[in-house]
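Student: One structure is given below, represented as C-alpha cells, and several questions about it will come after.
The values are calculated or read from the model by the stated rules, or taken from the named source; none is laboratory data. In this text, all values refer to a predicted model and were calculated from it rather than measured experimentally. For neighbour counting, all protein chains shown are included, and Cβ atoms are generated from backbone atoms with ideal geometry for every residue, glycine included. The area values use the complete protein model at the heavy-atom level, side chains included, leaving out ligands, DNA and RNA. Shrake-Rupley method; radii C 1.70, N 1.55, O 1.52, S 1.80 Å.
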Amino acid sequence: MKYDVVVIGAGLAGFSSALAAVELGKKVIVVAKGLGNLYSSSGYIDFLGYYPTTTSWPVTNPLQALEGLVSENPEHPYAKVGKESIIRSVNAFLKASGEMGLSYAGSLDSNLLMPTAAGALSPTSLYPGANGKDVKKAREMVVVGIKELIDFYPLIVAQNLERQLGKKVEALWVELGLDLGRELNSYDLALTLEQEKNVIGLINKLKSWGVKDKLVLIPAVLGIKDWQQVINRLESQLECQVMEIPTLPPSVMGYRLAQSFMHYLKKKGVEFIIGHPVVHVDCRAGRCREIAIETAAHRLKKIAGEAFCLATGGILGEGLQVFPKGIREVVFNLPVKTAETHSLEDFFSLEEQPLALAGVMTNEFLQPVDVETGEAALTNVFVAGATLAGYDPFLEKSGNGVALATGYRAGQLAAGGGKVNE
Ligand SMILES: Cc1cc2nc3c(=O)[nH]c(=O)nc-3n(C[C@H](O)[C@H](O)[C@H](O)COP(=O)(O)OP(=O)(O)OC[C@H]3O[C@@H](n4cnc5c(N)ncnc54)[C@H](O)[C@@H]3O)c2cc1C
C-alpha cells in the first residue's frame with residue numbers, strides 16, 4: 001500500500017503534520033516507535049516564553065517577540081516556517097481542538113502565566129479553555145492538595161505563588177478516603193475521580209473548607225474523559241472558580257491532548273501504527289521511496305510513500321542519539337548540526353546549551369540539507385519538531401509551539417508530494 005504522506009513520529013509535531021496533510025485530502029499514515037512527549041508534558045502549547053533567553057522576564061506578546069527572534073536568528077525553526085505559517089498552524093489547531101471535544105483557548109498575541117506543580121509561573125499561549133483563568137487578577141486563591149496523590153505539595157505551591165504574585169495564597173489538604181493500599185499518581189487518581197461517589201466526596205470536603213468566590217488551584221486529576229463536567233460541577237456547587245495545575249509525569253493534561261488528537265485524526269481517516277521503530281529506509285536519487293518498521297515477530301513491514309514527515313523528536317524523543325563523538329539522526333542518518341562541546345561548563349547558565357541547539361539542519365522548505373553545502377539531501381522528506389536544529393526549547397519555552405508550527409508546515413509541504421523546488 002502506498003500513502004501520499006507517511007509521518008514518522010507520534011508526538012505533537014507528527015500529529016500536526018498528519019492534520020495538515022489530511023486536511024488537504026491526502027492518504028496519511030503515522031508510524032512511531034512509541035508515544036511522544038505529550039504524555040509527560042503539561043498539554044500547554046508554549047510558543048515563546050522567554051526572548052531574549054538571557055532575560056528572566058516572560059514574553060507578554062509572543063507574536064511581537066517572534067518578529068525580533070526571526071530577524072536576529074534566521075536558522076531558528078520559526079524563521080524557516082515564517083509568521084503566516086505559524087498563525088495558520090495555530091488557527092488549524094484551535095479549530096481541530098474544538099472538533100475533538102477539547103477546546104483550547106489563547107492566542108499568539110499574549111501569554112498567560114500558568115502555575116506549575118512547583119508553584120512557578122510559566123508563560124504559555126494555548127491552553128485548555130477551562131484553564132483560561134488569570135492568577136494575577138484573582139482576588140483570593142487557594143491551592144488544594146490531595147493526600148492520596150504523590151508529588152504535589154500545596155504549601156510549597158502556595159508559598160512560591162505568594163512570593164511571585166505578592167499576595168496571600170492559602171493552601172489546604174483534603175483526604176478523599178480512597179483506601180487503595182498505595183499512593184496514587186495523577187493518572188490513577190484521575191481514573192478514580194471518574195466515579196460519581198469520589199467527585200461528591202471531593203465536593204463535600206471542599207465545601208467544609210469554604211472556597212466560595214475563590215480561585216481553587218487543584219492538581220490536574222479531575223478525570224480522564226469527563227473533566228470538563230467535573231470542573232463545571234465543582235464551580236457551580238462550590239460557587240468558586242477551578243483551575244487545574246499540570247502535575248509531574250504522567251501528566252493527565254498532556255494525556256488528554258495526546259489521546260483526543262489521535263482519536264480525532266483517526267476519525268479523519270489517518271492510519272496509525274505505534275510501537276514499532278523505523279529500522280530501514282529506501283532512498284534513491286535524493287528521494288525516499290519507502291521505509292520499513294520492525295514488527296513484533298522481527299519481520300520487516302514496508303511502507304511506501306510519496307512524501308515523508310520526519311517528526312521523531314530530539315534526544316528525549318529518541319530521534320537523535322548522542323554518542324561521545326557526535327549525534328546521530330536515527331531514521332535517515334541525516335547530517336546533524338552539532339557544536340564542538342555538548343554542554344557549557346555552567347549547566348544552569350542562561351546561555352543556550354549547545355546540545356539543545358543540535359539537530360537536523362533544513363532549508364526554508366524544511367527539507368534536510370547537507371551541513372556543508374546547504375543542498376537538500378532528500379527532497380521529499382520534511383523535518384519537524386524537536387528533531388530540528390537551531391533552537392533551545394527549554395530556555396525559550398517554545399517546545400510545543402515549534403512542534404505545532406513546523407509539523408503543520410511539514411505536513412502541508414509533504415501533501416504537495418515533495419515537489420516544492422522541482
Ligand atoms: C517532561 C517534559 C515536559 C514538557 N513540557 C512542555 C510544556 O509544558 N510546554 C511545551 O510547550 N513543551 C513542553 N515540553 C517540550 C515538548 O514536549 C517537546 O518539545 C515536543 O513535544 C516535541 O514534540 P515532537 O513531536 O517533536 O517529539 P516527541 O514528542 O518526542 O515525539 C517523537 C516521536 O517519534 C517517535 N520515534 C522516535 N524514534 C523513532 C524511530 N526510530 N522510529 C519511529 N518512531 C520514532 C517517538 O516514539 C515519538 O512518537 C516538555 C518536554 C518534556 C520532556
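Student: Amide H of Y3 versus every other amide H placed in the peptide plane: which residues, excluding those fewer than 5 positions away on the same chain, fall under 5 Å?
Tutor: Sorted by chain and number, the residues that satisfy this are A304, G305, E306.
Student: With θ set to phi - 60°, apply the Karplus curve 6.51 cos²θ - 1.76 cosθ + 1.60 along segment 206-211 and write out the HN-Hα couplings as whole Hz, x wherever there is a Gly or Pro.
Tutor: 5, 4, 5, 8, x, 10
Student: For segment 117-245, what is the convex hull volume of the alpha-carbon atoms per residue, in Å³?
Tutor: About 100 Å³ per residue, rounded to a whole number.
Student: Further question: Hey, if we sort K2, K225 by accessible area with the 1.4 Å probe, largest down, what's the order?
Tutor: Descending accessible area places them as K225, K2.
Student: Starting from the 7 Å offset along Cα-to-Cβ, what nm value, one decimal, do you get for the label separation of L165 and K302?
Tutor: Going from the L165 label point to the K302 one covers 6.0 nm.
Student: Share of the chain's accessible area from carbon and sulfur, percent, 1.4 Å?
Tutor: Looking at the chain in its full context, I get 51 percent from C and S.
Student: If the cut-off is 15 Å between C-alpha atoms, which aspartates and glutamates fall inside it for K212, apart from same-chain ones fewer than 8 positions away?
Tutor: Within the straight-line cut-off, K212 pairs with E140, E170, E235, E239.
Student: Using a 1.4 Å probe, what is the accessible area per residue for the chain, in Å²?
Tutor: Heavy-atom accessible area per residue stands at 44 Å².
Student: Please list the non-local residues whose amide H lies under 5 Å from the amide H of V369, H modeled 1.01 Å from N, same-chain partners needing a gap of 5 or more.
Tutor: Here the answer is M361, T362, N363, A377, since their amide H atoms fall under 5 Å of that of V369.
Student: Let me ask another. With θ taken as phi - 60° and the coefficients 6.51, -1.76 and 1.60, list the Karplus ³J(HN,Hα) couplings across segment 169-185 in order, rounded to whole Hz; mark glycine and proline as x.
Tutor: Taking θ as phi minus 60°, the curve returns 10, 7, 9, 8, 9, 10, 10, 7, x, 8, 9, 9, x, 7, 6, 10, 8 Hz for segment 169-185.
Student: Shifting gears a bit: Over 28 Å between Cα atoms, which of K83/K214; K33/K268; K2/K267; K225/K268 qualify?
Tutor: K83/K214
Student: Which percent, to the nearest 5, of DSSP beta bridges fully inside the chain are antiparallel?
Tutor: Bridges in the chain that DSSP calls antiparallel: roughly 45 percent.
Student: Name all residues of segment 34-55 having a backbone nitrogen under 13 Å from the label point set 7 Å from the Cα of Q321 along its Cα→Cβ direction, giving them as ranges.
Tutor: Those under the cut-off are none; the list is empty.
Student: Also: If I model a spin label at S103 and K83 as a point 7 Å from the Cα along the Cα→Cβ vector, what separation in nanometres do I get?
Tutor: A separation of 2.9 nm, rounded to one decimal place.
Student: From the protein chains alone at 1.4 Å, what is the descending order of accessible area for R289, R409, R299, largest first?
Tutor: In descending accessible area the options line up as R299, R289, R409.
Student: Follow-up question, since we're still on this one. Largest first, what is the accessible-area ranking of M100, M243 with a 1.4 Å probe?
Tutor: M100, M243
Student: Work out, step by step, the length gained on full extension between A118 and D134: first 0.36 nm times the residue separation, then minus their alpha carbon distance; give nm to one decimal.
Tutor: Net length gain for the segment: 4.0 nm.
Student: In deg cm²/dmol, rounded to 500, what helix-only [θ] at 222 nm does the chain give when every DSSP H run of at least 4 residues adds -39500 (n - 2.57) and the total is split over its residues?
Tutor: Helix-only estimate at 222 nm: -9500 deg cm²/dmol.
Student: Can you list residues whose amide H is under 5 Å from L388's amide H, if they're 5+ apart or on another chain and H is modeled 1.01 Å from N?
Tutor: Hits under the 5 Å cutoff: V360.
Student: Which one of I315, I156, I327 has the biggest mean-square fluctuation once the chain is modelled by GNM with Cα springs under 10 Å?
Tutor: Looking only at I315, I156, I327, the biggest GNM fluctuation is shown by I156.
Student: Over the heavy atoms of F272, what accessible area does a 1.4 Å probe trace out, to the nearest 10 Å²?
Tutor: 40
Student: How big is the chain in terms of Cα radius of gyration and Dmax, in angstroms?
Tutor: Here Rg and the maximum Cα pair distance are 22.2, 71 Å.
Student: Please give the residues of segment 76-110, grouped as numeric ranges, whose backbone N is less than 19 Å from a label point set 7 Å along the Cα-to-Cβ vector of E235.
Tutor: 97-107
Student: A further question on this structure: What FRET efficiency would be calculated for the residue pair I150, I224, taking the C-beta separation as r and a Förster radius of 25 Å, to the nearest 0.05?
Tutor: Using R0 = 25 Å, I get an efficiency of 0.90.
Student: A further question on this structure: Helix 83-99: angle to the longest alpha-carbon principal axis of the chain, degrees 0 to 90, nearest 10?
Tutor: 50
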